[in-house]
Amino acid sequence: MTTPDPSRATRNAGPAGEGLLRGGPAGAAELGEQVRAAVAEMARWMSEYGEYTPHPSLDVEVGALRRATEDLRARLRENYPFFHPRYVGQMLKPPHPAAVVGYVTTMLINPNNHALDGGPATARMEKEVVAQLATMFGFGPHLGHLTSSGTIANLEALFVARETHPGRAVAYSADAHYTHSRMCHLLGVRGMAVPVTAEGTMDLHALEELLRAGGIGTVVATAGTTGLGTIDPVHEIVALCRRYEARVHVDAAYGGFFRLIADDSPDGVAAAPFAAIAECDSVVIDPHKHGLQPYGCGAVLFNDPGVARHFLHDSPYTYFTSDELHLGEISLECSRAGAAAAALWLTLRLLPLTPGGLGAALRPGRRAALAWADRIEASERLTLYQRPQLDILGYYPTRDRLSEIDEASAHVLTRGMRLPPARSLFVATYTVDAAGLAARGHRVRADVPRGRILRSVLMKPETEQYVPWLHQQVLDLLADGD
Ligand SMILES: *Cc1c(COP(=O)(O)O)cnc(C)c1O
């Protein structure tokens, strides 16, 4: 089977004349031009301050640099092709080239968003992009900032949970990201795992029992689990928590940007859980996952600007030029890359947080997940673990015993990535247990307690065109026994 022709990919038509900045090898020349122009422009700005002689201790020979970067490029070949549609493994893809231009341009100055004085321009950009995220979620006046990751963003949310409800526990679903139990441990807060339903979402009856028993200060709802992209019923969790006076934090590190296509349409996602985020106390979103950013870009937002009081501290040396609240005064992290804020700011100028902006880059992956799920359901050789709620698929080679499923899944994983690059396939695996299979009605003999199934994250819009090829490639790999 031949692979689809990427030039057939539909795209947003821009105003004619200046061409397109595209991702991947197709856009390499234009990206090179953009970076070259950025370096030249920044040098012009720097020279306004007068010429100076760089210290010779920092000089490197261009020949030596060339040899070292040759080595670097050789080393970087030890990577999987995260950029390519044939990579449907983990949550990984390169940033948008606009984000690269924004990051590189700003990195030449290297502002630090710890304080306004560390980079006034990028601190303002950070406030602007956080306001855009707040608008997307339906927050009014808010407090928020970028973080270096979703982990740190969740840590801050749970820190505020502890400060506002001291002595009370934090509840999260058994399928929530492991960071929640780890961060509770770090914060000295009791963390409690709520059992999940057959679909892997938080069990509301179990949650209500827990709330009724008392002692829960904050409930963490996950809008898109890291494993299979399942969405906790945020709207129902909010209603329950109001009744029992518990706060709600939403971990939307992976799924948050799906808010843009949460419209119940055939190629959208469920509206109600995402709409309810507006009423929650805090939310975390990772622009370095579905926001097209390089790593080092998470975000936390609080619905009540008053929680700033939990972050306040005195610094004798950082804040000197304004009375405005500095980002470093509302964040647990100190130094943070101003370039990360600039990259996101520039990206959102071009692909705004609207259904027709970034939303249009999310729908194809959602359609790909639905289309591939349909193919798997129609196939006798593959079985769908559960229907996808976002763009992540769990499926397995149809076998009688869990040990056989594990073996066949591992075969697809390792064989696929060892094929020559132009025919290779990269998937991931996901460990399930007998209870999870039985809850979903799978009649599999659990001859081992746990086993791997196949998992594919379809987070690149190009994947949609590759679905028939991907499906066939998995079948071919299974047919080609060992
Ligand atoms: C990725 C993820 C995290 C952790 O975020 P990092 O950016 O990897 O630190 C937390 N929660 C969920 C739901 C995630 O998907």
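Could you work out, for the chain, what percent of all Cα-Cα pairs fall into each 10 Å distance bin, beginning at 0 Å and stopping at the bin that holds the largest distance?
Reading the bins upward from 0: 4, 18, 27, 26, 17, 7, 2, 0.
Please identify every one of the GluC sites (Glu not before Pro) in region 38-89 that sits in a loop by DSSP and has no more than 14 other beta carbons within 10 Å of its own beta carbon. Walk me through the numbers before you get to the answer.
On the way: sites: Glu41, Glu48, Glu51, Glu61, Glu70, Glu78; in loops: Glu48, Glu51, Glu61, Glu78.
Here the sparse-neighbourhood loop sites are Glu48, Glu51, Glu61, Glu78.
Can you work out ³J(HN,Hα) from phi for every residue in region 250-256, in order, using Karplus 6.51 cos²θ - 1.76 cosθ + 1.60 and θ = phi - 60°, giving whole Hz and x for Gly and Pro?
With the stated coefficients, region 250-256 comes to 10, 8, 10, 3, 8, x, x Hz.
Determine ³J(HN,Hα), in whole Hz, for all residues of region 273-285 in sequence, where each value follows from phi through the Karplus function 6.51 cos²θ - 1.76 cosθ + 1.60 and θ = phi - 60°; x replaces Gly and Pro.
x, 6, 5, 6, 4, 4, 9, 8, 7, 7, 8, 10, 9
Just to verify a number: what accessible area does Cys241 come out at with the full protein assembly present, 1.4 Å probe, Å² rounded to tens?
0 Å²
Measuring from centroid to centroid over Cα atoms, what is the spacing of region 145-175 and region 255-291 in Å?
Cα centroid to Cα centroid, the span is 19 Å.
Once the cut-off is 22 Å, how many percent of the Cα-Cα pairs in region 112-270 end up in the long-distance tail?
Values: 5676 of 12561 pairs.
Pairs farther apart than 22 Å: 45 percent.
So who's got an amide H within less than 5 Å of the one on Val248, skipping anything under 5 residues away but keeping other chains? H placed 1.01 Å off N, in plane.
Residues meeting the amide H criterion: Val219, Asp281, Ser282.
With every protein chain kept in the model, how would you rank Trp372, Trp45 by accessible area, 1.4 Å probe, largest at the top?
Values: Trp372 0, Trp45 105 Å².
These residues rank, largest area first, as Trp45, Trp372.
Quick one: if you stick a label point 7 Å off each Cα along the C-beta vector at Val448 and Gln90, how many nm between them?
2.1 nm
Taking region 361-481 as the region of interest, what is the percent of Cα-Cα pairs per 5 angstrom bin, listed from the shortest bin to the one with the maximum distance?
2, 12, 23, 24, 20, 12, 5, 1, 0
Order Arg450, Arg44, most accessible first, counting only protein heavy atoms with a 1.4 angstrom probe. Each step should come with its number before you reach the end.
Details: Arg450 155, Arg44 130 Å².
Largest accessible area first, the residues go Arg450, Arg44.
Please give the length that would be gained between Asp264 and Glu380 if that part of the chain were fully extended, namely 0.36 nm times their separation in residues minus their C-alpha to C-alpha distance (nm, one decimal).
Details: separation 116, 0.36 × 116 = 41.76 nm, distance 2.96 nm.
Taking 0.36 nm per residue and subtracting the Cα distance, the gain is 38.8 nm.
Determine the gain in length on full extension of the stretch Glu61-Asn110; use 0.36 nm per residue of separation and subtract their C-alpha separation, reporting nm with one decimal.
On the way: separation 49, 0.36 × 49 = 17.64 nm, distance 2.32 nm.
That pair, Glu61 and Asn110, stretches by 15.3 nm at full extension.
Show Arg22, Arg336, Arg375 ordered by accessible area, largest first, where the area counts protein heavy atoms only and the probe is 1.4 Å. Kindly include the intermediate steps, with their values, before the conclusion.
Values: Arg22 80, Arg336 25, Arg375 100 Å².
Reading off the accessible areas and sorting them downward yields Arg375, Arg22, Arg336.
Efficiency by 1/(1 + (r/R0)^6): what FRET value for His205 and Trp45, r their Cβ-Cβ distance, R0 = 60 Å, to the nearest 0.05? Walk me through the intermediate numbers first.
Working: r = 61 Å, r/R0 = 1.01.
Computed FRET efficiency for His205 and Trp45: 0.50.
Would you please give the FRET efficiency between His411 and His185, computed as 1/(1 + (r/R0)^6) with r the Cβ-Cβ distance and R0 = 35 Å, to the nearest 0.05? Don't skip to the end; give the middle numbers.
On the way: r = 37 Å, r/R0 = 1.06.
Result of the calculation: an efficiency of 0.40.
Considering Cα pairs under 8 angstrom that are at least six residues apart, work out the relative contact order of region 361-481 and quote it in whole percent. Let's see the in-between values first.
Numbers: 202 pairs, mean separation 41.6, N = 121.
Value for region 361-481: 34 percent.
Restrict the search to region 73-175; then list the chymotrypsin sites (Phe, Trp or Tyr not before Pro) that DSSP places in a loop and that have at most 13 other Cβ atoms within 10 Å of their Cβ.
Values: sites: Phe82, Phe83, Tyr87, Tyr103, Phe137, Phe139, Phe159, Tyr172; in loops: Phe82, Phe83, Phe139.
Qualifying residues, ordered by number: none.
Just the number, please: percent antiparallel of the DSSP beta bridges in the chain, rounded to the nearest 5. Mind dumping the intermediate values first?
Working: 26 of 46 bridges.
Taking every DSSP beta bridge within the chain, about 55 percent pair in antiparallel fashion.
Using modelled backbone amide H atoms (1.01 Å from N, in-plane), which distant-in-sequence or interchain residues come within less than 5 Å of His145's amide H?
HN-HN under 5 Å from His145: Val300.
If you keep only loop residues by DSSP, which GluC sites (Glu not before Pro) in region 329-438 have at most 11 other Cβ atoms within 10 Å of their Cβ?
Numbers: sites: Glu329, Glu333, Glu377, Glu380, Glu404, Glu407; in loops: Glu333, Glu380.
Within region 329-438, the qualifying GluC sites (Glu not before Pro) (loop, at most 11 other Cβ atoms within 10 Å) are Glu380.
The values are calculated or read from the model by the stated rules, or taken from the named source; none is laboratory data. As the structure is a prediction and not an experimental result, all values here were calculated from the model. When we count neighbours, we look across all protein chains shown, and the Cβ atoms used for this are built from the backbone with ideal geometry, even at glycine. Ligands, DNA and RNA are stripped out before the accessible areas are found, and what is left, the full protein with its side chains, is counted by its heavy atoms. Shrake-Rupley method; radii C 1.70, N 1.55, O 1.52, S 1.80 Å.
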